[in-house]
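A quick write-up on the structure given underneath.
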Number of protein chains: 2
Amino acid sequence: MSMVTSYDPRTGADAGSAAASTDAEVYDLVAQAGSAAAAVAAAPPLERRRWLRALADALEAHLEELVALADLETGLGPVRLSAEVARTADQLRFYGDVTVEGSFLGASLETDASGTIRLARVNQPVGLVATFGASNFPFVFGMLGNDTGSALAAGCPVVVKAHDAHVAVGVRTAEIAQEALAAAGAPEGAFGHVVGFDAGVSLVRCPGTRAVGFTGSQQGGLSLWRLANEREVVIPVYAEMGTVNPVVVTPAGAADIASVARGFVGAFTQGSGQYCTKPGLLFAPRSAAALAEVTRALEQVGPAVMLTRRIAESLRDGTSRLLSAGATTVLVRPGSGTGWSGDVTLLTAPVESIRAGSRLLDECFGPVAIVVEYDDVAEVVTALGELQGALAASVFAGGSTDPDAAPLVSRLAGMVGRVCVNAWTPGVACTWAQHHGGPWPATSDPRATSMGAAALDRWVRPVAYQDVPAAWLPPAVQPGNPWKIVRRVDGVLVTGGTA
Amino acid sequence: MSMVTSYDPRTGADAGSAAASTDAEVYDLVAQAGSAAAAVAAAPPLERRRWLRALADALEAHLEELVALADLETGLGPVRLSAEVARTADQLRFYGDVTVEGSFLGASLETDASGTIRLARVNQPVGLVATFGASNFPFVFGMLGNDTGSALAAGCPVVVKAHDAHVAVGVRTAEIAQEALAAAGAPEGAFGHVVGFDAGVSLVRCPGTRAVGFTGSQQGGLSLWRLANEREVVIPVYAEMGTVNPVVVTPAGAADIASVARGFVGAFTQGSGQYCTKPGLLFAPRSAAALAEVTRALEQVGPAVMLTRRIAESLRDGTSRLLSAGATTVLVRPGSGTGWSGDVTLLTAPVESIRAGSRLLDECFGPVAIVVEYDDVAEVVTALGELQGALAASVFAGGSTDPDAAPLVSRLAGMVGRVCVNAWTPGVACTWAQHHGGPWPATSDPRATSMGAAALDRWVRPVAYQDVPAAWLPPAVQPGNPWKIVRRVDGVLVTGGTA
């Protein structure tokens, strides 16, 4: 039996293990999920919300156990991990509320003069969703993370691939989830998990799998995307991947450069820089001596521990690549040398070196960032035109009269999924108005978000019913609005479940 | 100079021609469209609606000229073509109204206790959209068809590739469109067109192109999809392609089989069967003698003329392939033999021969259909499980108490984009509740529709604004709701432009 082993990043010692799923096990799970799909889809919104709340409650009930397991496997520390479990429970409850509100169903009716429904459009769940959690968020983007929560909320069974880096906490979370769902009356097969790289590949290849959610590296996301595009029946892969998130400090925004510098150091070293929203590239006016301020702030930062041996190696390689591409080292805070320790590195580069195709613009996952000093905002605007699409960007501005800021916000909005002003990009609230996505290659589908209410939209597709007798329509578009959801009737949106 | 020539399908004589666009011309157009993108996106909804209404008016003003040109190149006849122009004008006006209503923008605000907007999400136009019209609808899916209309409505400049089969009417429509848009004050570069296969390929490859809309064959759609997936920055291709649309007549639905048979013949021979919604496979109870009734109805049908030489050849090849795959000829109504004439062919096949992978299930574009007789509805349910995803399906049922119908509707809803009861699949109204799409390989994106209000959704992507001062937000999410659109405020949908 092939095993997947996880390690304590602080020491490199074995931390946990689980048996890799065989192909036969994957097929069985997919078949079970396929059998459950109709029942999961047909469950009324209030029932699906009950399942999601049961999952949230179960996570909270097992908080200490899960945090201890995850801390051993990730080294992220109990404070951060406890907060993450709480946030994951909140997300699950939020997705339950989104289901009940129901506008994700896009229900739309058209009636004739006699009031008979002639055309009804409603989104229906796509069926089995395969989700692939991230290394860096064992809970928020883990077994019961945003992809799993939003897919269950949308009415889809889910099979999750446990991440190798924290396979023990993954498997234990899955057990807790199974138990909670069974107790809440969810259909058997509504949730399953697999372990191991090969099982993940088989899961994407299985004809029964209808969509894929992934959070992680560009390499991993694009591999799954290619795999799905090679299927006989191609399925969508919603991959949220890493990119270099730019920050621009305007001349007026540099008034309190010391505070910006402290914020930047906090943002790029937080969680050892292992965030997809890490600000990797800071443009600051040369006159503000930002580089000196960032250097000073960095002297307060402790050593970094990376999540896996591979990430620690990639950090070393990536930092070397940035240096070969023309960056200069400003300061290195060396790692401890034990376990998967990593260096915290501050680099600088001339603004002219920011050119499309330069390896200076390769994402380097971990606590490394580049400060680029500029003399004129026009140089920044030119440089921004060379960057790839990204998840997020920030502008540090001098208040709402700053003449440079509004054009930069507008420019960045054309390149990223989220623009912040005087705020850092890490920390993404899971709410109605959130968007956590961005243009290629930040994601494989620029319309998709991996977080927030619109996360459900990925797991449904519309069906129109023409001249179908009312009794045969799905409840979401039946007369009397039995699910009490937002609907459009003869072109007019009707809120409050009264349509 | 390379020329594209179109032909009169009734005779095969030359009908029109246009110079193929050079690569330099394509790049220029894309550059112009790129320069126009910001202005097109920033135009308030009422202004964009004015452009769309100007296009609609211009089409109507040139009705006779356009119909005469199109009739020469398509042989579809002035009655059908006049109706198509009128429908295209209606669509353009409809998309204008969808813009003004504004819920496609998905505007969502979150405020803090002081009423300050902390997070705002809004869809923004993706930029230049390349559209590829269809052979079979020179207007409804032509230069100013659903893809172009919905993209302009969504705030994107458009470059259309004129279809070779009706290049003269395409180029003339483009001239009329240019003139109308200029008179209505649309930015220069908001609309352009190219001619020729190579120009279409260049258009998809141009970095400035941000999304592609296509209606046509599976081969054409998948080629563009592959091309877009090979770009450095991959872009979405929304290809609406052909499939075999199934029809099931239940035992009770066969009570008036003569009427169903007449309807079926009308539906599969209409427009010489050149509809993506053509019902290609009819399941009927053997006891109803449907085959005999269809044969009788077919005797009233005149000869078919295909749109192009290639379609006429494909029809011959496709029909032969169906015969090789196990179908039997019931009746052939031979074409005239002049121009691009084609045979109208009725085939039958045993229900057991409907198996996944069988070439019996290949779409054959044109007036050919297969009637499958069954003894038991269970046989139909099994056969449906072997079919690919499709655009549409029909059930002919014996009224709302028919015990077989509701399960069939539900089964088909899992396989297609639109299910009709006692109605034929051709004829798709462009309305709020419409969905014209379907699972792979009916479309390249099962969430997308090429028609109806949701057609705009393909041409936008969300951006979240975090802590951005109100004055720097796009109008759609500014305080006071200057665009008077449907918005979500703190999680609650507010209609009527009052938010």
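The values are calculated or read from the model by the stated rules, or taken from the named source; none is laboratory data. Bear in mind that the values here come from a model prediction, so they are computed numbers and not experimental data. So basically every Cβ, Gly included, is an ideal-geometry build from the backbone, and we count neighbours across all protein chains shown. Note: accessible area is taken over every heavy atom of the protein model, side chains too, but ligands, DNA and RNA are not part of it. Shrake-Rupley method; radii C 1.70, N 1.55, O 1.52, S 1.80 Å.
Key figures for this structure:
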item: Subset of region A:207-234 that is open to solvent by 10 Å² or more (accessible area, probe 1.4 Å) and among the hydrophobic types (A, V, I, L, M, F, W, C) - its residue that is nearest to the chain's Cα centre (by Cα); result: A:Phe214
item: Selection status of B:Thr74, crowded, with 24+ Cβ neighbours inside 10 Å and more than 14 Å from chain A (Cβ to nearest Cβ); result: yes
item: From A:Arg461, A:Arg447, A:Arg418, residue being facing chain B (nearest Cβ under 7 Å), open to solvent by less than 20 Å² (accessible area, probe 1.4 Å) and either within 17 Å of A:Phe141 (Cα to Cα) or under 15 Å from the mean Cα position of the chain (by Cα) (or both); result: A:Arg418
item: Residues of region B:171-191 satisfying the condition of being touching an Asp or Glu at 6+ places or on another chain (Cβ under 9 Å) and crowded, with 24+ Cβ neighbours inside 10 Å; result: B:Ala186
item: Some residue of region B:382-393 being part of a loop (DSSP other than H, G, I, E, B), facing chain A (nearest Cβ under 9 Å) and hydrophobic (A, V, I, L, M, F, W, C); result: no
item: Some residue of region B:292-305 being within 29 Å of the chain's Cα centre (by Cα), closer than 23 Å to B:Ser217 by Cβ and open to solvent by less than 30 Å² (accessible area, probe 1.4 Å); result: yes
item: Residues located in region B:475-496, provided they are in contact with a Phe, Trp or Tyr (Cβ under 8 Å, 6 or more places away or on another chain), more than 8 Å from chain A (Cβ to nearest Cβ) and open to solvent by less than 30 Å² (accessible area, probe 1.4 Å); result: B:Ala476, B:Val477
item: Among (1) part of a helix (DSSP H, G or I); (2) in contact (Cβ under 8 Å) with a residue 24 or more places away in the chain; (3) in contact with a Gly (Cβ under 9 Å, 6 or more places away or on another chain) - the single one A:Leu181 does not satisfy; result: (3)
item: Enumerated helices (runs of 4 or more DSSP H) restricted to region A:37-115, each holding at least 3 residues that are modelled with pLDDT of 95 or more and under 30 Å from A:Tyr465 (Cα atoms); result: A:45-61, A:78-101
item: Conditions (1) open to solvent by 30 Å² or more (accessible area, probe 1.4 Å); (2) at pLDDT below 95; (3) in contact with a Gly (Cβ under 7 Å, 6 or more places away or on another chain): number failed by A:Cys364; result: (1)
item: Only one of A:Gly221, A:Gly208, A:Gly189 that is modelled with pLDDT of 95 or more and on the phi > 0 side of the Ramachandran plot; result: A:Gly189
item: Inter-residue pairs, beta-carbon under 8 Å, first closer than 21 Å to B:Leu203 by Cα and in region B:26-51, second of a type outside the set (Lys, Arg) and assigned to a helix (DSSP H, G or I), 6+ apart; result: B:Val26/B:Ala199; B:Val26/B:Ser202; B:Val26/B:Leu203; B:Tyr27/B:Ser202; B:Val30/B:Leu203; B:Val40/B:Leu152
item: Strands (runs of 3 or more DSSP E) enclosed by region B:210-308 - at least 1 residues per element that are of a type in the set (D, E, K, R); result: B:237-240
item: Odd one out for A:Asp402, checked against (1) assigned to a helix (DSSP H, G or I); (2) over 25 Å from the mean Cα position of the chain (by Cα); (3) of a type in the set (D, E, K, R); result: (1)
item: B:Leu152 vs. criteria assigned to a strand (DSSP E or B), farther than 26 Å from B:Ser272 by Cβ, open to solvent by less than 20 Å² (accessible area, probe 1.4 Å) and hydrophobic (A, V, I, L, M, F, W, C); result: no
item: Odd one out for B:Ala413, checked against (1) touching a residue at least 12 places away in the same chain (Cβ under 8 Å); (2) open to solvent by less than 10 Å² (accessible area, probe 1.4 Å); result: (1)
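Conditions tested, residue by residue: (1) assigned to a loop (DSSP other than H, G, I, E, B); (2) among the aromatic types (Phe, Trp, Tyr); (3) closer than 24 Å to B:Gly145 by Cα.
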| position | (1), (2), (3) |
| --- | --- |
| B:Ala356 | yes, no, no |
| B:Ala378 | no, no, no |
| B:Pro407 | no, no, no |
| B:Arg411 | no, no, no |
| B:Gly417 | no, no, yes |
| B:Val428 | yes, no, yes |
| B:Pro446 | yes, no, yes |
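Let's see how each residue does on (1) of a type in the set (A, V, I, L, M, F, W, C); (2) closer than 30 Å to A:Leu76 by Cα; (3) within 13 Å of chain B (Cβ to nearest Cβ):
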| site | (1), (2), (3) |
| --- | --- |
| A:Leu92 | yes, yes, no |
| A:Val100 | yes, no, yes |
| A:Leu105 | yes, no, yes |
| A:Thr111 | no, no, yes |
| A:Asp147 | no, yes, no |
